[in-house]
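The values are calculated or read from the model by the stated rules, or taken from the named source; none is laboratory data. On a predicted model such as this, the values are computed, not experimentally measured, just so you know. Cβ placement follows ideal geometry from the backbone for every residue including glycine, while neighbour counts extend to all protein chains displayed. Surface accessibility is based on the protein's heavy atoms, side chains included, excluding ligands, DNA and RNA. Shrake-Rupley method; radii C 1.70, N 1.55, O 1.52, S 1.80 Å.
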Amino acid sequence: MSEKTENKRRLVVVSNRVADFKAKFQTGGLAVALGDALKASKGLWFGWSGDTRDDALSVPPHVEHVAGLTVATIDLTDKEAEGYYFGYANRCLWPALHYRLDLAQSNEEQSEIYFQVNARFADALMPLITPDDIIWVNDYHLIPLAEELRGRGCEARIGFFLHTPFPSPEIFAAVPSQKRLGNALMVYDVVGFQTTSDRDNFRRYVTASLDGEQLQGDRVTAQGETTLASVFPIGIDVEHFKKLADEEDAKGPLLPDVGSDIKTIIGVDRLDYTKGLPERLRAFEVLLEQFPEHHGKVRMVQIAPPTREGLPVYQEIRENVERLVGRINGRFGDLSWQPVIYMHRGVAQHILVRLFRRSDVGLVTPLHDGMNLVAKEYIAAQAAQDPGVLVLSRFAGAAEQLREALLINPHDIQETARALDRALTMPRQERWARHNRLWQRIETYDLFNWRDSFIQSFAESDTNPVNLFPKEAGAA
């Protein structure tokens, strides 16, 4: 491909929020993965500023050039933020996509505002793009965006990646405005999913609810539209995590030294009802009940940063978790041993990798998750010759790749407790063998492989293939 041809192709990333490219270090997965590609193509990142103002409807996008790329944002009104973000996206779509229809709340006004805000995104984005761009739309907040852009004459190729699960067709069919969402997804040239299960659920939904048809090569067609529905499991920057863990481990332990034989179980999750924190704590409690030989010899460290605290359901999950922490420490702890160390705040990445390296068990038990990168971060941070054990929910997207973890049903408290006992007592040779296979998989399917494979999918039926990133930045 000639340099002239390559330079015609520019990457445009659209997401609910944009990365902060003024920060000294990028820690978010999207920012790390897409930063090089955006800079190489002199690309554009577009999204909501996170701010609200009364005159937002009349204010043009704020555009600035940062670190070799362009960042453009719009503000929303309070009513738009409430209906689009807090309302339909997070009170309705988020729980439904995670199989929690019992928590999904919506009304006609909020769903209409969600579609209106997507139209506003399209209005603001159109003057900033060209037909030669490729547009990568991210996540459930912006499902209707391609349809809105096409309605305004956009000729660029547009892809969509869903970071959450895509539930079974029966669940998705119960979502208010689901056909409107389904038809909007069909407008994209490429729709990417985390797992084969998510992809297959979408394909079955198109057939069952949109009167569509499954074609060869992962393509589906419905309502006169055809899209490539494929699997792109997101990964992490493996080498960065390994290097950081090596550097941090040399600094010594972080936790109180209460004896050389005490083992640590680590959990790191946003305080979200999808993460299975109450079930996890109850499983740890059962471990202490049924395996008393672990008394005084194991501790659970749970880091749970707050999220969406304005929504009542998140206040309830916090109260539940804190009750369980208090109960376990009260039942089993003594003056020399605190079974659960709980932190309701975020922790810097360099501290996390140090905790991961020093923890004997990584406990990742979401009730449903798109991928769950904590599982992969835990693996990457382990010492290769004496690694810890990953206990992983089979309902995390990561379970499809990380088969050598101890896979559990997080709803089965007894099963999880037994898996914890097995992890804590697993011989070193078995730990090494499992870790070696897990490491190979996360190294192969890393963050850059995810980025490269998704962007290259745009070229599958394109006469002008895409090459947006330097070879040395990329995939395995």
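Can you tell me which residue within segment 203-229, out of those that are in contact with an Asp or Glu (Cβ under 6 Å, 6 or more places away or on another chain) and buried (at least 19 other Cβ atoms within 10 Å of the Cβ), is nearest to ALA399 (Cα to Cα)? Please lay out each step first, then the result.
First, the residues of segment 203-229 that are in contact with an Asp or Glu (Cβ under 6 Å, 6 or more places away or on another chain): 221, 228-229.
Filter once more, keeping what is buried (at least 19 other Cβ atoms within 10 Å of the Cβ): 228-229.
Numbers: LEU228: 24, ALA229: 20 Å.
Within segment 203-229, the match that is nearest to ALA399 (Cα to Cα) is ALA229.
Considering only segment 83-96, I want to know if a residue exists there that is farther than 26 Å from TRP450 by Cα, out of contact with any helix residue (DSSP H, G or I) (no Cβ under 9 Å at 6 or more places or on another chain), touching a residue at least 40 places away in the same chain (Cβ under 8 Å) and open to solvent by less than 50 Å² (accessible area, probe 1.4 Å). Give the derivation first.
Initial filter on segment 83-96 (farther than 26 Å from TRP450 by Cα): 83-88, 91-92.
Among the residues that remain, those that are also out of contact with any helix residue (DSSP H, G or I) (no Cβ under 9 Å at 6 or more places or on another chain) are: none.
No, segment 83-96 contains no residue that is farther than 26 Å from TRP450 by Cα, out of contact with any helix residue (DSSP H, G or I) (no Cβ under 9 Å at 6 or more places or on another chain), touching a residue at least 40 places away in the same chain (Cβ under 8 Å) and open to solvent by less than 50 Å² (accessible area, probe 1.4 Å).
What are the residues in segment 423-454 that are in a helix (DSSP H, G or I), of a type in the set (Asp, Glu) and surrounded by 19 or more Cβ atoms within 10 Å (Cβ to Cβ), if any?
ASP452
Can GLU377 be described as open to solvent by 50 Å² or more (accessible area, probe 1.4 Å), closer than 30 Å to TRP136 by Cα, at pLDDT 95 or above and of a type in the set (Asp, Glu)? Outline the logic, then answer.
Values: open to solvent by 50 Å² or more (accessible area, probe 1.4 Å): no; closer than 30 Å to TRP136 by Cα: yes; at pLDDT 95 or above: yes; of a type in the set (Asp, Glu): yes.
Answer is no for this residue.
Can you tell me which of LYS263, LYS243 is touching a helix residue (DSSP H, G or I) at 6+ places or on another chain (Cβ under 9 Å) and surrounded by fewer than 19 Cβ atoms within 10 Å (Cβ to Cβ)?
LYS263
Given segment 18-103, what strands (runs of 3 or more DSSP E) lie entirely inside it while holding 3 or more residues that are modelled with pLDDT of 95 or more and closer than 30 Å to ARG180 by Cβ?
The strands (runs of 3 or more DSSP E) meeting that bar are 44-52, 69-76.
Within segment 179-202, which residues are open to solvent by 30 Å² or more (accessible area, probe 1.4 Å) and assigned to a helix (DSSP H, G or I)?
LYS179, ARG180, ASN183, THR196, SER197, ARG199, ASP200
Sort out which residues of segment 318-352 are over 19 Å from GLY276 (Cβ atoms) and outside any helix (DSSP H, G or I), and write them in order of number.
Across segment 318-352, the qualifying residues are GLY333, ASP334, LEU335, SER336, TRP337, GLN338, ARG345, GLY346, VAL347, ALA348.
Just a yes or no: is a residue in segment 293-303 more than 24 Å from the chain's Cα centre (by Cα), crowded, with 17+ Cβ neighbours inside 10 Å and in a helix (DSSP H, G or I)?
yes
The conditions are (1) of a type outside the set (A, V, I, L, M); (2) open to solvent by 50 Å² or more (accessible area, probe 1.4 Å); (3) more than 29 Å from ILE171 (Cα to Cα), and GLU112 fails exactly one of them. Which is it?
(3)
Looking only at segment 281-296, count how many residues are among the basic types (Lys, Arg) and in contact with a strand residue (DSSP E or B) (Cβ under 6 Å, 6 or more places away or on another chain).
Residues flagged as among the basic types (Lys, Arg) and in contact with a strand residue (DSSP E or B) (Cβ under 6 Å, 6 or more places away or on another chain) within segment 281-296 amount to 0.
Is it the case, given these coordinates, that ASP246 is closer than 30 Å to GLU322 by Cα and either modelled with pLDDT under 95 or of a type in the set (Phe, Trp, Tyr) (or both)? Steps first, please.
Working: closer than 30 Å to GLU322 by Cα: no; either modelled with pLDDT under 95 or of a type in the set (Phe, Trp, Tyr) (or both): yes.
Spelling it out, it is not the case that ASP246 is closer than 30 Å to GLU322 by Cα and either modelled with pLDDT under 95 or of a type in the set (Phe, Trp, Tyr) (or both).
The conditions are (1) touching a strand residue (DSSP E or B) at 6+ places or on another chain (Cβ under 8 Å); (2) in a loop (DSSP other than H, G, I, E, B); (3) at pLDDT 95 or above, and PRO387 fails exactly one of them. Which is it?
(1)
Within segment 160-176, can one find any residue that is buried (at least 20 other Cβ atoms within 10 Å of the Cβ), at pLDDT 95 or above, under 26 Å from ALA119 (Cα atoms) and among the small types (Gly, Ala, Ser)?
no
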